[in-house]
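Let me begin by presenting the structure, written as structure tokens, before commenting on it.
The values are calculated or read from the model by the stated rules, or taken from the named source; none is laboratory data. All values derive from a computational prediction rather than experimental measurement. With ideal geometry, Cβ positions are generated from the backbone for all residues, glycine too; neighbour counts draw on all protein chains shown. Accessible surface areas use protein heavy atoms only, side chains included; no ligands, DNA or RNA. Shrake-Rupley method; radii C 1.70, N 1.55, O 1.52, S 1.80 Å.
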Amino acid sequence: MLTTILQQLINGISAGSLYALVAIGYTMVYGVLRMINFAHGDILMVGAYLAFFGISAFMLPWWASFITAIIITGLVGVLMERLAYKPIRNASRVSLLITAVGVSFFLENLFLVLFGGVPKAFPIAPIFHGVLNYNQIYLPVVSIYTPIIALALLYMLLYILHNTKYGIAMRSIALDIDTTSLMGINVDIVISLVFFIGSSLAAVGGILWSTQYPSINPLMGIMPGLKAFAAAVLGGIGDVAGAAIGGLVLGISEVLIVAFFPSLAGYKDAFAFLLLILVLLFKPTGIMGKELERKRF
Amino acid sequence: MENNILSCEHVSMKFGGLVALNDISLNVVKSSITGLIGPNGAGKTTMFNVVTCNLKPTMGKVIFEGKDITGYKPYKIVPIGMARTFQNIRLFENLTVLENIMIGFANKVKYKLFEPILKTPRFLKQEKETKNKAYELLEKINLKEKAHLKATGLSYGEQRKVEIARALATSPKLLLLDEPAAGMNPNEKIALMYFIKEIKDSFNLTVFLIEHDMKFVMGICQKIYVLDYGAKIAEGTPEEIQKNPKVISAYLGEANVKS
Amino acid sequence: MNRNVILTIFSIILLFVFLYYASHHFSKYTIIILNNIAITMILAVSYNLINGITGQFSLAPNGFAAVGAYTAALLSLTPAQKQAMFIIDPIMPILGSIHLPFLPALIVAGLVTAFFGFILGFPVFRTRGDYLAIVTLGFGIVIDIVANNAITITNGPLGLKGISNYTNVWWSYGWLVFTIFVVMSIINSSYGRAMKAIRDDEDAAIAMGINTFKMKMIAFIVGAFFQGVAGGLLAHLITTISPTLFTFFLTFNLLVIIVMGGLGSITGTVISTIVIVWGSELLRVFDQPMHIFNFTTPGIPGLRMIIFSLLLIFTMLFAREGIMGKKEFSWEWLFSVIKGGKKNGK
């Protein structure tokens, strides 16, 4: 029994780290623009596909393919913001949301048309190969790497946010975008940077996800995206550390629920949504409790 | 105190570490025009937001007509008799001038949701009344011809009047005006001064206003409170305030060119 | 009875005359499209109430339609049919024995969906935030999961079949007229004005004493009711329903419709529904292999969707107000156009 719980715990931490990586992108974009980027989950998918093509079509070594995919995905995020979101940045929030839904749908169907709906097998990088066996506990190697990578990236991001000029600018925009731009900060560049970072992290998440559940398809980003958003709200929307915590809590809870109530296994994916409703009902500001409503008066 | 329509007792407002309002007590006398002034960032709008229950004060009480209304839900202040306007005129852009005013009468409407569907007599009657009352109000402020224009199609001064009229439609006892003269030229400001005095009399109101323009405030208020850095530094009649050294020094740093 | 009311009633009579003619002379395929237009319009008009009039961004319709469809079907199927159909796991006893005629089944379906609207709206509208979109999106996914897993209720992935084909143009257009009537009645009342105020400036609306929570709930729940009924009508049109029928695309389609018609205009929604449903049928050719002169292009499923999503994005970027903006059709406007035309014609 203990080994099962331990096993599940490890699975949960691994899944949770993936949610965390994607949740961070959501929370950062919401922080600076107050918009839910519906297309963010699909960015995960884009990252996975780019990595796939790097290896299979361009014959790059896995590390080169991954790095290229991550950077290009980051740029895709920037492009998406510049083309579709920036022009309506000052329009109503509903307008931004509608456009985001349009972009999301566009990405899904573009990849559907370009690459077909049949899932492709994702090549597993040699470094992630294999499963360790320790006392009946099975540890896929990738499950060990995932939390470590996520943690490292989180640490780097927090460092950027608190110790660099652009990072501080990001936090400042999240508090008051108008005043920030009046202080001589180029808001456009900072926002592009936010999208670059968020999308790159989502790409990392996509690659790791595809390594763990090794098949990719154009609609693969929808579910992780939704769950990542739930995780971001759970952790306190707008708070990067909160998003990471929220991701972990969600990942672990999901796995434990199925472990203790196997008959509910089919409903596993619904759990994130239930959690979201509960958080909204009882503690809308999430675990970290940040009050994000901009000055309205 | 019977003739205070509004009392704020030891109101403090903290946002995390930032103290926006520090132990402020003030009273607004019934049927007066009372002013709240102070340099930029002194906390005037924050004070208003506390009074209108948009913010819950960290400490202290807001008392309206003898009743403690601290912590009320913001939309509940209208039925008890308080209405406000905003610093940057907030009309409903996609509605006509008439519809904006009709919203002000929303509180008086008593019919239930099914009634517009069944077209009950009560619905038809109250809709007609609302429309007529809105027209009357527009007539009083001389804007009846513009009733069917989109709110944004009016001049700035006219929009301000509509915003005030919309607040008047709620039949307030206390009208809070947040920098009503902002963005107006001197002629518009004079017209506004007369306008406020007139509606105060004809609608039997008390007016509590925030303003930056000294001439405006001195010309229209009977009593003035002065805030600086979140604290009350002076209160009194216009003459007393003008001579108050603390007030003068608080404003010395300010470019006071507006009057 | 004033002139406008008479004109409107007359138009409705004309509509039904047209439907009578259509049901006797048009091909089966065209009738299905006509029904499709009506059902989609019911969904779109009720969707515009929460999105366009009240300004709250919901993605709920596909979930609500699913709830309505399943409820109506489970109520109208005979106990014998249900017994036979639930082969994996027998149906829950209460559901197995109940049996209602078509109209009560539809109404109950609407009410059940409205109830879901209530429990969904309650936590979301209490908080100020843009969570409605994600929560309703998640709701659609949860309904999909439940429909697939709650086998004793929904028959899982197998779905329900053999639903009686009750839906005809009378039912669909009858409900459509009713939906538009109710929605317009709400809009032209202080409730509708309050909803528009919330859309334009929620804080100012609160400052005017409007109970914004209550208004949002009303718009959302009324929408849910009609979307449930629409789902029920759909179920009795295509006679087979399964979880895969109510995907996000249904909601996306409606979103394109109401944005292109003009978010605040019911007239716009009516027009754009016809355009889009029809156009969608026409665009279907892109999904099939096409023969252009001597070349054959392979069919590309998904191309239609790309066109739709680009349509949506471009509308948001360049023509945000859509066809009608926030204006509605009125008889006065029509007469002024005619008179204007006559003057110029002289």
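Does C:LEU59 meet the test of being touching a residue at least 12 places away in the same chain (Cβ under 8 Å) and either open to solvent by 10 Å² or more (accessible area, probe 1.4 Å) or not hydrophobic (A, V, I, L, M, F, W, C) (or both)?
no
Name the helices (runs of 4 or more DSSP H) wholly within the stretch C:142-205 that hold at least 3 residues that are under 23 Å from the mean Cα position of the chain (by Cα)?
Values: elements: C:151-154, C:169-187, C:190-200.
Ranges flagged: C:169-187, C:190-200.
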Across the stretch C:238-288, the tally of residues that are part of a helix (DSSP H, G or I), more than 12 Å from every other protein chain (Cβ to nearest Cβ) and hydroxyl-bearing (Ser, Thr, Tyr) stands at 6
Among residues of the stretch C:165-219 being free of Cβ contacts under 8 Å to residues at least 40 places away in the same chain and within 29 Å of C:ALA235 (Cβ to Cβ), the residue least open to solvent (accessible area, probe 1.4 Å) is C:SER185
Of C:SER58, C:SER27, C:SER46, the only residue that is within 22 Å of C:ASN165 (Cα to Cα) and of a type in the set (Ser, Thr, Tyr) is C:SER27
Would you be able to say whether some residue in the stretch A:36-55 is in a helix (DSSP H, G or I), closer than 30 Å to B:ASN94 by Cα and of a type in the set (Gly, Ala, Ser)?
no
All-but-one check, A:ILE222 against (1) of a type in the set (A, V, I, L, M, F, W, C); (2) surrounded by fewer than 24 Cβ atoms within 10 Å (Cβ to Cβ); (3) more than 28 Å from A:PHE106 (Cβ to Cβ), failing number (3)
Within the stretch A:193-216, the residues that are open to solvent by 10 Å² or more (accessible area, probe 1.4 Å) and either under 17 Å from the mean Cα position of the chain (by Cα) or free of Cβ contacts under 8 Å to residues at least 40 places away in the same chain (or both) are A:LEU193, A:PHE196, A:ILE197, A:SER200, A:LEU201, A:VAL204, A:TRP209, A:GLN212, A:TYR213
Note on the stretch C:122-146: residues crowded, with 19+ Cβ neighbours inside 10 Å and among the polar types (S, T, N, Q) are C:THR136
Of those in the stretch A:115-147 that are on the phi < 0 side of the Ramachandran plot and within 14 Å of chain C (Cβ to nearest Cβ), the residue modelled with the lowest pLDDT is A:GLY117
Taking the stretch B:30-54 and keeping residues within 13 Å of chain A (Cβ to nearest Cβ) and surrounded by 21 or more Cβ atoms within 10 Å (Cβ to Cβ) leaves B:GLY43, B:LYS44, B:THR46, B:MET47, B:PHE48, B:ASN49, B:VAL50, B:VAL51, B:THR52, B:CYS53
Restricted to the stretch A:59-76 and to residues being modelled with pLDDT under 95 and polar (S, T, N, Q), the residue least open to solvent (accessible area, probe 1.4 Å) is A:SER65
Residues of the stretch A:77-114 being outside any loop (DSSP other than H, G, I, E, B), more than 7 Å from every other protein chain (Cβ to nearest Cβ) and open to solvent by 60 Å² or more (accessible area, probe 1.4 Å), in sequence order, are A:LEU79, A:ARG82, A:LEU83, A:LYS86, A:LEU114
Among residues of the stretch B:77-114 being facing chain C (nearest Cβ under 8 Å) and among the charged types (D, E, K, R), the residue least open to solvent (accessible area, probe 1.4 Å) is B:ARG84
Of the candidates C:ALA235, C:ALA230, C:ALA207, C:ALA224, the one satisfying the condition of being more than 13 Å from chain B (Cβ to nearest Cβ) and in contact with a strand residue (DSSP E or B) (Cβ under 7 Å, 6 or more places away or on another chain) is C:ALA235
Of (1) surrounded by fewer than 21 Cβ atoms within 10 Å (Cβ to Cβ); (2) modelled with pLDDT of 90 or more, C:ILE151 satisfies every one except (2)
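Yes/no matrix, rows are residues, columns are (1) surrounded by 13 or more Cβ atoms within 10 Å (Cβ to Cβ); (2) touching a residue at least 60 places away in the same chain (Cβ under 8 Å); (3) under 30 Å from C:LYS196 (Cα atoms):
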position: C:THR30; (1), (2), (3): no, no, no
position: C:ILE50; (1), (2), (3): yes, yes, yes
position: C:ALA65; (1), (2), (3): yes, yes, yes
position: C:GLY68; (1), (2), (3): yes, yes, yes
position: C:ALA72; (1), (2), (3): yes, yes, no
Is there a residue being part of a helix (DSSP H, G or I) and not β-branched (Val, Ile, Thr) anywhere in the stretch B:35-47? yes
Of C:PRO79, C:PRO104, the only residue that is closer than 20 Å to C:SER242 by Cα and either touching a His at 6+ places or on another chain (Cβ under 8 Å) or loosely packed, with under 15 Cβ neighbours inside 10 Å (or both) is C:PRO79
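For every residue, the table says whether it meets (1) more than 30 Å from C:GLY302 (Cα to Cα); (2) at pLDDT below 90; (3) touching a Lys or Arg at 6+ places or on another chain (Cβ under 9 Å).
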residue: A:GLY198; (1), (2), (3): no, no, no
residue: A:SER210; (1), (2), (3): no, no, no
residue: A:ILE216; (1), (2), (3): no, no, yes
residue: A:GLY242; (1), (2), (3): yes, no, yes
residue: A:VAL249; (1), (2), (3): yes, no, no
residue: A:PHE261; (1), (2), (3): yes, yes, no
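One line per residue, one yes/no per condition, for (1) in contact with a Ser or Thr (Cβ under 7 Å, 6 or more places away or on another chain); (2) of a type in the set (Ser, Thr, Tyr); (3) more than 23 Å from A:ILE10 (Cα to Cα):
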residue: A:ILE137; (1), (2), (3): yes, no, no
residue: A:LYS165; (1), (2), (3): no, no, yes
residue: A:LEU175; (1), (2), (3): no, no, yes
residue: A:THR179; (1), (2), (3): no, yes, yes
residue: A:PHE196; (1), (2), (3): no, no, yes
residue: A:GLY205; (1), (2), (3): no, no, no
residue: A:SER210; (1), (2), (3): no, yes, no
residue: A:GLY221; (1), (2), (3): no, no, no
With the structure loaded, tell me whether A:VAL240 is within 14 Å of another protein chain (Cβ to nearest Cβ), farther than 30 Å from B:MET47 by Cβ and open to solvent by less than 30 Å² (accessible area, probe 1.4 Å) or whether it fails that test. no
| said: I'd like to know if the stretch B:146-160 contains one or more residues that are more than 23 Å from C:SER189 (Cβ to Cβ) and not in a helix (DSSP H, G or I). | reply: yes
Going through the stretch C:35-70 in order, the residues found to be small (Gly, Ala, Ser) and touching a Pro at 6+ places or on another chain (Cβ under 9 Å) are C:ALA44, C:SER46, C:ALA66
Looking at the stretch A:178-196, can you tell me whether even one residue there is among the hydroxyl-bearing types (Ser, Thr, Tyr), under 29 Å from A:PHE53 (Cβ atoms) and modelled with pLDDT of 90 or more? yes
